[in-house]
Amino acid sequence: MSDPKIIVALDYPSELRAFELINKLDADLCRLKVGKEMFTHLGPVFVEKIQNKGFDVFLDLKYHDIPNTVAKACEAAASLGVWMLNVHASGGSRMMEAAANALANHQNKPFLIAVTVLTSMSQQDLSELGINDTPAEQALKLAKLTCSSGLDGIVCSAQEAAIMRQNFKHDFLLVSPGIRPAGSQPDDQRRTMTPSDALNAGSDYLVIGRPITQSDNPLSVLRTIHSEIS
Ligand code: C5P
């Protein structure tokens with residue numbers, strides 16, 4: 001079975017725009033990420049439509065609530081048949097363990113990963129929350145908590161992948177956004193890496209949005225990246 005490493009981020013305001021792209025993509029070469037914007041507009045039906053076209057879905061809703069609520073939300077996501085879903089590690093070990101337990105006996109159990117520190121957060125943002133560690137130190141602490149809580153991996157910048165790999169075994173998944181093929185625009189991303197450098201650094205899956213979604217020929221960009229990393 002193919003295990004595409006590329007996860008295309010669907011950041012669109014409408015179903016029509018999203019399907020204009022999806023209809024040009026190949027499910028053997030990529031998976032699709034559905035986030036809060038599209039899910040809030042279009043709901044589970046949209047996820048089902050994408051899956052019916054043969055694509056695996058990473059449902060990026062970053063659950064963060066009391067353990068029981070997160071566990072129930074994860075169960076609901078799993079029953080949609082998604083391939084991967086996520087929570088916030090800062091919800092704590094009891095919340096993450098409740099989420100992992102809720103999925104444990106699920107048929108076709110999705111991967112459950114956690115966001116450690118949002119890459120949008122600076123040192124000052126953390127100090128405002130009473131956290132005096134650097135974002136990287138805090139991310140490593142939360143990654144360790146994620147691992148000991150029984151989750152399958154984390155979202156992390158490819159720039160953090162090498163240090164994460166030194167701390168975790170290979171079955172702990174690293175899913176990295178901020179990926180830019182050589183020569184493409186960084187857009188608003190600040191700490192980017194090329195797809196092959198990210199995989200070499202230890203990332204397992206690459207979340208790629210605009211380099212594919214804003215291209216005149218998304219399938220050609222997808223094929224080029226896929227062959228570069230294969
Ligand atoms: O267009 P681009 O490749 O920058 O899209 C990256 C995707 O990954 C977007 O959906 C963005 O919200 C998401 N993401 C990110 N940085 C994180 C977590 C998620 O860019 N730390």
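The values are calculated or read from the model by the stated rules, or taken from the named source; none is laboratory data. Quick caveat: nothing in here was measured; it's all calculated off a predicted structure. FYI the Cβ positions are ideal-geometry reconstructions off the backbone, even for glycines, and counts take in every protein chain you see. Each accessible area value is taken on the protein alone, full model and side chains, heavy atoms only, with ligands, DNA and RNA left out. Shrake-Rupley method; radii C 1.70, N 1.55, O 1.52, S 1.80 Å.
Screening residue 18 with (1) closer than 29 Å to residue 224 by Cα; (2) open to solvent by 20 Å² or more (accessible area, probe 1.4 Å) gives one miss only, at (2).
Which residues, counting only those in the stretch 43-60, are surrounded by fewer than 18 Cβ atoms within 10 Å (Cβ to Cβ) and either touching a helix residue (DSSP H, G or I) at 6+ places or on another chain (Cβ under 8 Å) or within 21 Å of residue 3 (Cα to Cα) (or both)? Step through it out loud before you land on a result.
Keep residues of the stretch 43-60 that are surrounded by fewer than 18 Cβ atoms within 10 Å (Cβ to Cβ), which gives 43-45, 48-49, 51-54.
Matches in the stretch 43-60: 48, 49, 51, 52, 53, 54.
One line per residue, one yes/no per condition, for (1) over 19 Å from the mean Cα position of the chain (by Cα); (2) touching a residue at least 24 places away in the same chain (Cβ under 8 Å):
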| residue | (1), (2) |
| --- | --- |
| 115 | no, yes |
| 126 | yes, no |
| 181 | no, yes |
| 193 | no, yes |
| 198 | no, yes |
| 201 | no, yes |
| 218 | yes, yes |
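Cβ separations smaller than 9 Å between residues 6+ apart or across chains give the following pairs from the stretch 40-53 residues that are assigned to a loop (DSSP other than H, G, I, E, B) to residues that are loosely packed, with under 13 Cβ neighbours inside 10 Å: 53/23.
For the stretch 95-128, the tally of residues that are within 29 Å of residue 179 (Cα to Cα), touching a Ser or Thr at 6+ places or on another chain (Cβ under 9 Å) and open to solvent by 60 Å² or more (accessible area, probe 1.4 Å) stands at 2. Screening residue 86 against (1) modelled with pLDDT of 95 or more; (2) within 15 Å of the ligand (Cβ to nearest atom); (3) open to solvent by 40 Å² or more (accessible area, probe 1.4 Å) leaves a single unmet condition, (3). If you go through the stretch 101-154 and pick out every residue that is of a type in the set (Gly, Ala, Ser) and within 16 Å of the ligand (Cβ to nearest atom), you end up with 7.
Show me the helices (runs of 4 or more DSSP H) entirely contained within the stretch 106-167 in which 1 or more residues are of a type in the set (Ser, Thr, Tyr) and closer than 28 Å to residue 194 by Cα. Break it down into steps so the answer makes sense when it comes.
Values: elements: 123-128, 135-148, 158-167.
Fully inside the stretch 106-167 and qualifying: 135-148.
Considering (1) within 18 Å of the chain's Cα centre (by Cα); (2) surrounded by 15 or more Cβ atoms within 10 Å (Cβ to Cβ); (3) of a type in the set (A, V, I, L, M), the lone condition that residue 162 does not fulfil carries the number (2). State yes or no: is residue 6 open to solvent by less than 10 Å² (accessible area, probe 1.4 Å), within 14 Å of the ligand (Cβ to nearest atom) and in contact with a strand residue (DSSP E or B) (Cβ under 7 Å, 6 or more places away or on another chain)? Criteria met by residue 6.
Within the stretch 21-42, take every residue that is within 20 Å of residue 181 (Cβ to Cβ) and among the acidic types (Asp, Glu) and give me the one that is least open to solvent (accessible area, probe 1.4 Å). It would help to see each step written out before you state the result.
Quick first cut of the stretch 21-42, residues within 20 Å of residue 181 (Cβ to Cβ) only: 21, 24-26, 28-33.
So of that shortlist, the ones also among the acidic types (Asp, Glu) come out as 26, 28.
On the way: 26: 50, 28: 97 Å².
Filtering first and then ranking leaves 26.
Across the stretch 15-51, what is the total count of residues that are of a type in the set (Gly, Ala, Ser) and within 16 Å of the ligand (Cβ to nearest atom)? So the count comes out to 2.
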